[in-house]
Every structure is written in structure tokens, then in C-alpha cells.
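Undergrad: Below is one structure. I have some questions about it.
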Amino acid sequence: MIGRADLSPDCVILISDRAGNPILWRRDFGRGRLAYWNTGALFWKVLRGFFIQTALDTMDVGVSAIAGFAMFHIDDFPTALSDARLEPVTSEFQDLDWNGFFFDIWNKDMMALREKHDLKYSWYTIMNYDDVDNGPDADLSAPESLGGRQILQQRFARIRQFAEDDEFGFHGYNHEPMTDDFWPDEATLKSKLADARSLWSDCVPAPLPTSWVPANNWYHADHVRTLKAVFPEISVVCGLFSTGDPAYGEYREFGPEPWINELLCLPRDTYGYVLRPDVRMMMLSQIAGMGVWTHFTHPDDIYDIPTKSGESKNCRNPDTLGWRASNAAGQPGLLSELDAWIAQVRDTYPWLEFVTTSRAEAKYTAHINNHVEVRIAESQIEIVSGSAGLFYAKTRKGKSLVAGAGGEIVDRRQIEGGLLHVVRCPAGGCIFLVQDE
């Protein structure tokens, strides 16, 4: 690693590690510019957006097409039914059990958050939590299987509010990942997916699903092919983007599913209610690279707290935060944290359009199929595109863009070393003028 003392005085250090070692710096050479990443970690997908912005920063004017949408997924709703009284909810809502909290408090607050920030939700639903017999000798007439219909109807009947322009997607028959370990018998899988289709048609107040979120974000090749055979309407699979094991369907790119190209992968990246540093990095990189943010959360995250021994590894609520109220340490509740997170996104990226998954599929497909040419001259840039779209346009310090013919500037932000514009271009050509600030 190159040390700080090894750099020439005209190097501008943009990122350092906790020990003060330079990770990224920039140096101007006349009218040229060099950026250097002092690390081998750029092969990780989670840093891709930062790399793309670095490349734009080296140009006199850097232009990159972006998709401009955000997906907000809520997995596991309506939840399973339970009369359990569990912390930390019990301390805050003493009269409410699991059902009362989720269907009265949580549902109401999430819908108010949706209205406040003009969000769109995609809800992902399990058909039958209770039937987990996935083996080759599964009894299809067992009470756990036959009772699924009535319980699913009860779960949907408990929902107080949902918006007609949201959508419901498929999260599986039960919450067992669709992998060899959990579904060893294809015939059983196919039979229970057929039951899931029947349950959906009879009990879910929404059209048959067009998107699927795998339980635990895991799936195998044969299983996803079986799913597609039973649910031909499903065209999108939403696993994980920058984390996980590709052998389990994780760490997926946006684009065709490698195991069955008829499905489009629109993977999720960030998660939860709290904008922690690692999640912030994931979100910033995804928006910087693609102009896209894909997020998911679960209603029951609040209950996933450290054990009595203090073990908090992999807990989704490691600080035992409440919902509306602050906890004993004075930390805001999960609702306040999520509200502040979305408000920050709305303020910083006002051009991000929150859409349902089916709408995201259409927007991504239009974006990736758009034919674009960018022509950069001394005093102007021309963008010619087959369809309307958004673009990042980065200018160096002292320079700015002005809309010339056809396009519009929808956002302009001061960044280190210049300005980052977001411009909207219609189909055809448009011109932006490069001027002194």
C-alpha cells in the first residue's frame, strides 16, 4: 500500500481508512486528471458505484445513463398469526400481542410513512407458514396443509390498510428456502406450489403474482424452474445484489436469471429500518452506479433482539430499539429511524421514483435497452437516446451545465471538485451547454 508520505503535495485525498492511510486520491495534470484507488477491494460489487463515479470524475465532463427508480419491499406480510407477547413491543404497547402490534400499530404507521414520503410498497406473502413437510413422503392431506386456506384468509382479513397501487408478490408456499436441502423432492415442491397458486387465487385480494422473493433469498436452479412452470406469470426474481453466495441464487446482477433466462433479476441490496454505516455504503454505491435503490425489510425485525446472554450477531434489531418510543439508552425507535432514512433519500435524490416491482421491471428493461450516444465538445454535450431517460452529468469545479435544447436539469449538487447534475432527456436528441459558474 502506498502511504500518505509517498504522495506528492498536489494529490487530493478523497478517502482514508481509520488508520489514516489514503485509499483514494486524485491528481490534476494540466487539463487531465488521474484518480487512484490504493486497494484491491474494488472487485467487490458493493463498491462498483464509487468506482463509476471516480471514472466520471477523471473526465472533463462525465456522462452516465441511470435508471432512476427505487423499490421498497416488505417481506412476510401479512405475518403469521400469534397471540405471543414479546419484547421490546410489550414494554411499549402493554396491551398488544403479536397480532395487535402488526395489524393495528405497525400496518397503520407504515401506511402513514408511505403517504408522507410518496412511496410504493411491494408486499411479499407466504401462503402457509405451518406446513413445512417438504419431503418425498409429504402427506398432502395433513391438517397443516388443509388448514392453510382458512388461516391465510384470517391473515388477510386482519390487514387494516393497503393501497390499491401497491402490489403483492410471492414469497413461497412456506418459509423454507427453495433449495435441495429444504425441498429435496421436486414432485412435492410442484404439488405444494400448485396448492400455493390455488390459495393465492382464492384468498389474496390481488392478481396472481408477477414477482418472487425467495425465502431467505436462497434458491437452486431446479427449484426456480419448477416455480416458473407452476407460476408462468412470474417474470421477476428479487434476491440479493452485493452479498451472498451465487450458488444459492444470491450476489445476482440486474439482468436475466442465469438458471432460467425467462426471469429477470432485480436484486435487493439494503435492508432494515436503521441506516447503519455498512448499509449506507451499499445504498450510496448502488445509487452512484445505477441510479437505483433496492431495499427490503420485515415487520418482525423488531423482535429479533439479542439473547439474554447478550449475543447480537446477525440480529436484525441488535440495539433492542422500540417502535415509536426511544429505548432505555435514548435511541430513537425503528419507525423514527426509517422515517429519517427515507427523508434523507428524498432530500438527496428527489429524482428517484419509488415504484412497485412490476413497474421497476418495465423501467429497468427500457433503461437497459435504450441506445444512447453522448457527444462531448468544448462548450456543450449532446445526448441522443432511443427513449427518454435520466443521466448523471459531472462537471469540474468552475463549470456548470445549462439546458440548451430538448432536455432539462432535474437536480444539481455540489460535490468535491465540481458539480453533479441529473438531467432528463426525451427520446431523440438534446443539448446541454457547458458554462462557467
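Undergrad: Tell me, please, whether a residue that is farther than 19 Å from residue 356 by Cβ, surrounded by 14 or more Cβ atoms within 10 Å (Cβ to Cβ) and hydroxyl-bearing (Ser, Thr, Tyr) can be found in segment 180-189.
TA: yes
Undergrad: For segment 242-269, how many residues are in contact (Cβ under 8 Å) with a residue 40 or more places away in the chain, among the hydrophobic types (A, V, I, L, M, F, W, C) and open to solvent by 10 Å² or more (accessible area, probe 1.4 Å)?
TA: The total comes to 2.
Undergrad: Say whether the condition of being out of contact with any Lys or Arg (no Cβ under 9 Å at 6 or more places or on another chain) and open to solvent by 10 Å² or more (accessible area, probe 1.4 Å) is met by at least one residue in segment 289-304.
TA: So far as segment 289-304 goes, no, none of its residues is out of contact with any Lys or Arg (no Cβ under 9 Å at 6 or more places or on another chain) and open to solvent by 10 Å² or more (accessible area, probe 1.4 Å).
Undergrad: Oh, and also: When only residues in segment 81-92 that are assigned to a loop (DSSP other than H, G, I, E, B), open to solvent by 30 Å² or more (accessible area, probe 1.4 Å) and touching a residue at least 60 places away in the same chain (Cβ under 8 Å) count, which is farthest from residue 155 (Cα to Cα)?
TA: My answer is 87.
Undergrad: Report yes if residue 72 is of a type in the set (Phe, Trp, Tyr) and closer than 24 Å to residue 175 by Cα, otherwise no.
TA: On the way: of a type in the set (Phe, Trp, Tyr): yes; closer than 24 Å to residue 175 by Cα: yes.
Here the answer is yes, as residue 72 does meet what is asked.
Undergrad: What tally of residues in segment 10-50 results from selecting those that are open to solvent by 50 Å² or more (accessible area, probe 1.4 Å) and not basic (Lys, Arg)?
TA: Final tally of qualifying residues: 19.
Undergrad: Oh, and also: Which residue, of 280, 316, is open to solvent by 60 Å² or more (accessible area, probe 1.4 Å), outside any loop (DSSP other than H, G, I, E, B) and modelled with pLDDT of 95 or more?
TA: Details: 316 fails: outside any loop (DSSP other than H, G, I, E, B).
Sole residue among the options that is open to solvent by 60 Å² or more (accessible area, probe 1.4 Å), outside any loop (DSSP other than H, G, I, E, B) and modelled with pLDDT of 95 or more: 280.
Undergrad: Restricting segment 160-179 to residues that are touching a Phe, Trp or Tyr at 6+ places or on another chain (Cβ under 9 Å) and at pLDDT below 95, which is surrounded by the most Cβ atoms within 10 Å (Cβ to Cβ)? Even if it seems obvious, please write down each step before you answer.
TA: Going residue by residue through segment 160-179, those that are touching a Phe, Trp or Tyr at 6+ places or on another chain (Cβ under 9 Å) are 160, 162-163, 166-172, 174-179.
In the following step, the residues that additionally are at pLDDT below 95 were identified as 160, 162-163.
Values: 160: 10, 162: 20, 163: 13.
Among residues in segment 160-179 that are touching a Phe, Trp or Tyr at 6+ places or on another chain (Cβ under 9 Å) and at pLDDT below 95, the one surrounded by the most Cβ atoms within 10 Å (Cβ to Cβ) is 162.
Undergrad: Any residue at all in segment 350-367 that is touching a His at 6+ places or on another chain (Cβ under 9 Å) and either basic (Lys, Arg) or within 24 Å of residue 55 (Cβ to Cβ) (or both)? Walk me through it before giving the result.
TA: Applying the first criterion (touching a His at 6+ places or on another chain (Cβ under 9 Å)) to segment 350-367 yields 354, 357.
Restricting the remaining residues to those that are either basic (Lys, Arg) or within 24 Å of residue 55 (Cβ to Cβ) (or both) gives none.
No: zero hits.
Undergrad: Please work out which one of (1) at pLDDT 95 or above; (2) closer than 23 Å to residue 296 by Cα; (3) in contact with a helix residue (DSSP H, G or I) (Cβ under 9 Å, 6 or more places away or on another chain) is the condition residue 224 fails and give its number.
TA: (3)
Undergrad: Please give the number of the condition residue 271 fails out of (1) farther than 30 Å from residue 419 by Cα; (2) out of contact with any Leu (no Cβ under 6 Å at 6 or more places or on another chain); (3) among the hydroxyl-bearing types (Ser, Thr, Tyr).
TA: Residue 271 satisfies every listed condition except (1).
Undergrad: On to the next question. When only residues in segment 338-396 that are of a type in the set (Asp, Glu) and more than 27 Å from the chain's Cα centre (by Cα) count, which is surrounded by the most Cβ atoms within 10 Å (Cβ to Cβ)? Steps first, please.
TA: Taking segment 338-396 as the starting set, the residues that turn out to be of a type in the set (Asp, Glu) are 339, 347, 353, 361, 373, 378, 382.
Filter again for more than 27 Å from the chain's Cα centre (by Cα), leaving 373, 378, 382.
Values: 373: 10, 378: 7, 382: 18.
Going through the qualifying residues, I end up with 382.
The values are calculated or read from the model by the stated rules, or taken from the named source; none is laboratory data. Just so you know, these numbers come straight off a predicted model, no measurement behind them. As a convention, Cβ positions derive from the backbone with ideal geometry for all residues, glycine included, and neighbour counts pool all protein chains shown. Quick note on the areas: whole protein, heavy atoms, side chains included, nothing else; ligands and nucleic acids left out. Shrake-Rupley method; radii C 1.70, N 1.55, O 1.52, S 1.80 Å.
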